[in-house]
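Encoded as structure tokens, the structure appears first; notes follow it.
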Amino acid sequence: MSVELHIIRLALDRRQLMRLAARHHFPRALDEGYLLHAGLAELFASSHERANVPLLTFAADETAPQARADPATLYLLAYSDLSAADLVSLMGPARSHLLRDCVAKPMPSLAAGARAGFRVRVCPVVRTRQPSPQSSSAGTSGIGRLREVDALLLHPAGTAQTEGTAAAAAPFEGAARTWSARQRAYGAWLSHEVGRFGAAQLQSEPRLASFRLTNTYRRGAPGDRPRRRPDAVLEGALTVSDSTGFDALLRRGIGRHRAFGFGMLLLCPAEE
């Protein structure tokens, strides 16, 4: 018997998150995703030790009317195998000052052939062993070391624009690339991602609703320094290919850096 998936809405006290950042010297100004990652760990910690957060993926719910009307509260959407009551029961002492509300409802299962609209915030990067331009210029191959690059740079739409230019030397630079090139590249990347587990197919090229280069911080990374990574919101429609596979895709999320607010696939009725 499969575990029922729930969609959760958490309301967190934004001021308390800021105090958490100041107390632990988190670089909140550089990476809000890292702050949320740390805040959720604090919320579910039953002691001074960090806890496992029982949320599968999460995303800041910035478009909700409540979010615009109440700037002191930060609203999050998340998927979880647990109900709201079960989640609250797992929260630690920080619940008293961080949590304002927690509600949930079961996610309906979509059968093969079902159509749905979607919105997803992603970090569209690809891990590759291809040598970087820096290593080539230094006379080293760089082969064998995995690195992340913007999916645009490995797609024909991006390669055509970066060939022979100095911009190709920086894996996450190039914000001036044409919007259409990014949309094509990220659409192809997303098509591969939603095909995991035989889950779904895109009905058409998704729309690139927003794009920026974001400073992302990961504790324990070399030098503990922030890196600039692509941060995109894609919207479109898909068709479910396999119900079980699609359920697995919702639980896993899309792309990398899912523990920092990327990759939650939000669904809505498909437009006729």
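What follows draws every value from the coordinates through simple rules; no lab data is involved. Values in this document were obtained by computation on a predicted structure and should not be read as measured data. Here Cβ is always computed from backbone atoms with ideal geometry, including for glycine, and neighbour counts include all displayed protein chains.
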Report summary line: Taking 84-92, 63-71, 147-155 and ranking on average Cβ neighbours within 10 Å, highest first, one gets 147-155, 84-92, 63-71
**Report entry** Whole-Hz couplings from phi, Karplus 6.51/-1.76/1.60, listed for the range 119-130; x for Gly and Pro
**Finding:** 9, 8, 8, 10, 10, x, 10, 10, 8, 9, 9, 4
